[in-house]
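Read through the structure below, which is laid out as structure tokens, and then see the notes.
The values are calculated or read from the model by the stated rules, or taken from the named source; none is laboratory data. Being a predicted model, the structure only gives us computed values, none of them experimental. A quick note on method: Cβ atoms are made from the backbone with ideal geometry, for glycine too, and the neighbour counts reach across all protein chains shown. The accessibility values were calculated without ligands, DNA or RNA, using every heavy atom of the protein model including side chains. Shrake-Rupley method; radii C 1.70, N 1.55, O 1.52, S 1.80 Å.
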Amino acid sequence: MPTPTTARRRSTGPSIEDVARLAGVSAQTVSRVANGAPSVRPVTRDRVLDAMGKLGYSPNRVARALRSGHFGTIGLLAHAFDRTGEAGITEAVLEAAELEDYTVTLIHVGTPGAADWQHAARRLSQRAVDGLVIIRAEESAPETLALPPGLPVVASYSRLVGQYPAVAADQVQGVRDAVEHLLALGHRTVHHVAGPVDSEPAMSRLATWRRRLLEAGVAPPPPWPGDWTPQAGYAAGRHVATDPDVTAVLCANDETAFGLLRALHEHGRRVPEDVSVVGFDGIRLSEYSIPPLTTVQQDFHRMGRELVTLLLGQIRGGETPGLEPVMVPTRLVVRASTGPPRR
């Protein structure tokens, strides 16, 4: 008949003593392996890990947090996880955190407004996290977020870049490369379908497009408004299709470019013979549009990895990084949607 101690142990799963007994080591050695201590011989570590796997033992993170002061968890705040940038960066943060034995708590922000970011930050303060990744907090400032004092924070794609340690894609170089590519093909000017006015990346792309044309001695034409969606590109495309003077268009992102391509196709305008089209982001589908889309590729996975590296440097090493963002290069990928204008 099992004793109360044995029955209790069975109900709560294998203990550290059970692992130690199977591995033939002390409980202290099991604890050092569980906490990632470097002072364990590889052969011993493998034996302990094997015993953990056989018994289904999982170290108690709460107990470890009480001992070490760390929870092994990163918080991630974002407004729209389904958007290209947020989705790509989030995926990379999850992968990079897992490699470092950290979990990620995702906290969704309902709207872009500052009030919802404040609410999300209050919810975060009730969670056991060691640090925070913020993606695209367009209408927030550090004072409005009211984050827990001393909490390590990194940011990307937001007005918080320059306020916290940050990682950013080189938007400026990406747009310059795209505009210069189209001008070099012989287009007299480049039109632009912009992103939303409340987006820092969209406004950076708009300003760089306008500045590069002025540098080339070209008066920038009025941009068409957009909101990152194919619908915005489609609406702009109907105007482009009726204007034979438009021969080259830079879209704020790839999805907008897909909508533009459809509108041009429906109105009998050929790409690139009549109109050259360039997107921005370099999403996987851009290679499979008709024709394949020339685009500025952003390395979202590298951005996510850099964010985790920057954050863990603060959490583990107490590093105080500067506020100059880590800049991730973009790359112009030339495909069949761009070519010389018709003479």
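Points worth noting:
- Proportion of all alpha-carbon pairs of segment 197-236 beyond 16 Å (%): 44
- Whole-number percent relative contact order across the chain, with pairs defined as alpha carbons under 8 Å at least 6 apart: 16
- Expected 222 nm ellipticity per residue - DSSP helices of 4 or more, -39500 (n - 2.57), all of the chain, to 500: -13500 deg cm²/dmol
- Solvent-accessible area, 1.4 Å probe, carbon plus sulfur percent, for the chain: 54
- For the chain, diffusion coefficient by Stokes-Einstein and Kirkwood Rh (Cα), 4 °C, 1.567 mPa s, µm²/s: 57
- Max mean-square fluctuation residue, GNM over the chain, Cα-Cα springs under 10 Å, options 289, 158, 15: 15
- Label sites at residue 284 and residue 342, each approximated as a point 7 angstrom past Cα along Cα to Cβ, lie 3.6 nm apart.
- Looking at the chain, the accessible area is 49 square angstrom per residue; that uses a 1.4 Å probe and ignores ligands, DNA and RNA.
- Multiplying the residue separation of residue 331 and residue 266 by 0.36 nm and subtracting their alpha-carbon distance yields 20.4 nm.
- Largest accessible area first, the listed residues 189, 208 line up as 189, 208 when surface is computed with a 1.4 Å probe on the assembled protein chains.
- For the chain, built as a Gaussian network whose Cα springs stay under 10 Å, the top-fluctuating residue of 304, 318, 131: 318
- Using a simple spin-label model with pseudo-atoms 7 Å out from Cα toward Cβ, residue 106 and residue 245 lie 4.7 nm apart.
- Sorted peptide list for 319-327, 220-228, 251-259, criterion being average Cβ within 10 angstrom, highest first: 251-259, 220-228, 319-327
- Contact order normalised by residue count of segment 145-238, Cα under 8 Å, 6+ apart, percent: 24
- Tail fraction, Cα-Cα pairs, segment 185-343, threshold 21 Å, whole percent: 49
- Per-residue Karplus couplings for segment 152-157, computed as 6.51 cos²θ - 1.76 cosθ + 1.60 with θ equal to phi - 60°, are listed in order as x, 9, 10, 9, 8, 6 Hz, Gly and Pro entered as x.
- Sequence-distant contacts, meaning Cα pairs under 8 Å at least 6 residues apart, place the relative contact order of segment 254-343 at 38 percent.
- For residue 105, residues with placed amide H under 5 Å, excluding near neighbours: 74, 75, 76
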